[in-house]
Amino acid sequence: MRLLRLSFLRTACALSFTALAVPGALAQQAFPGEVETALARAKVPRDAVTMLVADADGVRPPRLAWRTQVPVNPASIMKLVTTYAALDLLGPAYSWSTPVYVDGTVSNGVLNGNLYIKGQGDPKLVLERAWLLLRRVQGLGITTVSGDIVLDRSAFDGAIENDPAAFDGEPLRPYNASPEALLVNFKSVNMVFTPERGGQLARVSYEPPLASVSMQPTVALAPGECGDWRAAIRPDFSDPNRIRFMGGLPAACGEKSWAVAYADPRTYGLRAIGGMWAEMGGRVGGQMRDGRVPAGLKPVFEFGSPPLSEVVRDINKYSNNVMAQQLFLTLGLTQKNRGSFEASRSALGQWWRDRIGTGEAPPVFDNGSGLSRDERISAAALGRMLQVAWRSPLMPELVSSLPAMGVDGTLRKRALRSGGAAHLKTGSLRDAAGVAGYVHGASGRRYVLVAIANGENAGAARAAFDALVDWAAQDN
């Protein structure tokens with residue numbers, strides 16, 4: 001069966017290569033009029049874009065191919081490669097487990113020893129699920145841990161941690177959070193500001209509560225229009241032990257919420273687990289600390305994640321960077337037995353050679369999320385992968401994970417003027433923007449579409465790419 005599958009994939013790759021290896025004359029073809037006009041209006045030069053529109057089945061020459069062999073920065077479009085590789089290597093039903101260990105005896109609600117929680121890369125250990133994990137602990141009859149609560153994050157190399165301000169100088173943006181083996185709630189704090197009816201204050205609630213962090217419970221209400229309310233409250237997140245506001249929330253704003261990355265990401269997991277445990281009535285006689293599970297200790301239970309198919313939807317629909325990096329590192333851990341970026345790059349490179357082929361220059365992987373200045377892929381290579389995916393049994397999972405144009409995810413507000421349908425992954429950085437995925441033609445045919453701009457004015461090309469999607473959909 002495996003030999004049959006590999007034979008099928010090699011045939012698919014050969015068909016894709018034939019279809020995308022277009023002659024030079026076709027590569028110089030004119031753009032559709034609406035696309036040409038939109039690029040000119042946006043002042044985006046032709047040599048700043050790469051575009052491909054080809055049949056999803058890969059048996060006909062492309063309708064449009066422009067600079068398809070040039071490796072470009074795909075931004076978050078690179079998540080397409082990471083998620084499809086994961087579906088292929090791990091299967092859509094794959095799930096992560098977070099084992100919990102008890103080192104000691106339990107009597108009258110007290111664990112006489114230590115409690116260990118070992119992270120193994122779960123990308124979706126969000127607030128609600130972390131609470132359920134701790135509730136399982138209490139279900140063992142434990143309300144007090146006389147020793148320590150220990151978090152084991154050794155499954156991923158410690159070297160993956162980075163400065164959250166390094167990429168774009170925005171350390172408070174949750175998308176800049178570093179991956180880790182025990183990733184809790186994306187290392188972020190959600191604050192909800194609720195004005196008191198007829199009062200002078202707004203109540204501030206925090207999710208999750210963070211142990212040993214002073215969190216200001218109220219902020220003054222101020223007159224005036226809502227405007228830039230985040231600046232108006234004058235937040236101070238510089239001290240990891242305190243969150244405070246020195247301004248006021250404009251009363252015209254009503255209730256507002258704001259998610260920020262915690263100032264000290266290395267201690268976030270300890271503070272979040274400790275804060276939730278205390279809020280649930282739990283106590284710790286020792287301390288919250290990092291450490292490793294003692295050799296030979298068996299878990300009392302394993303807390304499972306949602307299936308990979310659901311995780312892939314979250315990654316692609318909402319372009320979640322840290323979840324994509326968790327998945328990328330999981331591929332290194334499962335395929336190379338090491339949770340490092342280096343191992344993951346090796347695993348993805350091998351997968352690409354085995355499944356997609358060597359007809360085009362292979363992608364350059366960095367962290368698998370597209371939040372990188374170094375990742376590269378050509379439109380021809382990405383188009384080939386999308387064609388292989390279209391013919392695979394995993395096609396429904398991949399396509400359903402992509403934002404539907406004008407419907408949901410990152411494309412909710414970008415409907416097609418023609419009324420057509422498309423499932424596309426978006427990508428956006430300061431100097432890169434694009435879309436890639438599948439377009440449903442009016443004739444009933446399905447197309448692979450890749451459109452990426454690189455350069456100072458890349459973001460201005462979005463209107464041209466929307467016009468390209470419209471053009472691809474109107475094929476009757």
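The values are calculated or read from the model by the stated rules, or taken from the named source; none is laboratory data. As the structure is a computational prediction, the values presented were derived from the model and not from experiment. Note: ideal-geometry Cβ built from the backbone for every residue, glycine included; neighbour counts use all protein chains shown. For the accessible areas, the whole protein counts, side chains as well, though only heavy atoms, and no ligand, DNA or RNA atoms are used. Shrake-Rupley method; radii C 1.70, N 1.55, O 1.52, S 1.80 Å.
Fraction of C-alpha pairs exceeding 27 angstrom in the range 319-476: 25 percent, rounded to a whole number. Mind checking the angle between helix 127-139 and the chain's longest principal axis? C-alpha axes, 0 to 90 degrees, to the nearest 10. It is inclined by approximately 40 degrees. Compactness of the range 29-88, taken as the C-alpha radius of gyration over 2.2 N^0.38 Å, stands at 1.36.
Extents of the range 173-299, taken as max minus min of Cα coordinates on every principal axis and listed largest first, are 63, 32, 22 Å.
Once Kirkwood radius over Cα pairs in Å is worked out from the coordinates, which option in (i) 24.2; (ii) 22.9; (iii) 26.4 does it equal? Of the listed options (i) 24.2; (ii) 22.9; (iii) 26.4, (i) comes from this structure.
Helix 341-351 axis versus longest C-alpha principal axis of the chain: approximately 40°, rounded to the nearest ten. Centre-to-centre separation between the Cα atoms of the range 174-203 and those of the range 56-111: 26 Å.
Counting protein heavy atoms only, the range 419-476 has 45 percent of its accessible area on carbon and sulfur, 1.4 angstrom probe.
Percent of Cα pairs in the range 350-421 per distance bin of 5 Å, from zero to the largest separation: 3, 14, 16, 19, 23, 15, 8, 3, 0.
Evaluated with a Cβ-only charge set (Lys, Arg +1; Asp, Glu -1), the chain carries a dipole of roughly 680 debye about its Cα centre, given to the nearest 20.
Per residue, how much accessible surface does the range 333-476 expose to a 1.4 Å probe? Answer in Å², no decimals. Display every interim value, and only then the final one.
Values: 5360 Å² over 144 residues.
Using a 1.4 Å probe on heavy atoms only, each residue of the range 333-476 averages 37 Å².
Here the sum of -39500 (n - 2.57) over DSSP H runs of 4 or more residues, divided by the residues of the chain, equals -9500 deg cm²/dmol at 222 nm, to the nearest 500. The long axis of helix 33-42 is offset from the longest Cα principal axis of the chain by roughly 50 degrees. Shown for the range 97-143: the carbon plus sulfur share of the solvent-accessible area, taken with all protein chains present and a 1.4 angstrom probe, equals 50%. For the cross-link pairs LYS118/LYS317; LYS79/LYS118; LYS79/LYS187; LYS118/LYS336; LYS79/LYS124, the ones whose C-alpha atoms lie over 23 Å apart are LYS118/LYS317; LYS79/LYS118. Summed over all non-identical Cα pairs, the Kirkwood treatment of the range 414-464 gives a radius of 11.8 Å. Is there a quick way to get the dipole size of the range 288-442? I mean about its Cα centre, with the Cβ of Lys and Arg at +1 and of Asp and Glu at -1; what is the value in debye to the nearest 20? Dipole size: approximately 140 debye. Protection proxy ranking, highest mean first, for peptides 329-338, 276-285, 421-430: 421-430, 329-338, 276-285, where packing is the per-residue count of other beta-carbon atoms within 10 Å, averaged.
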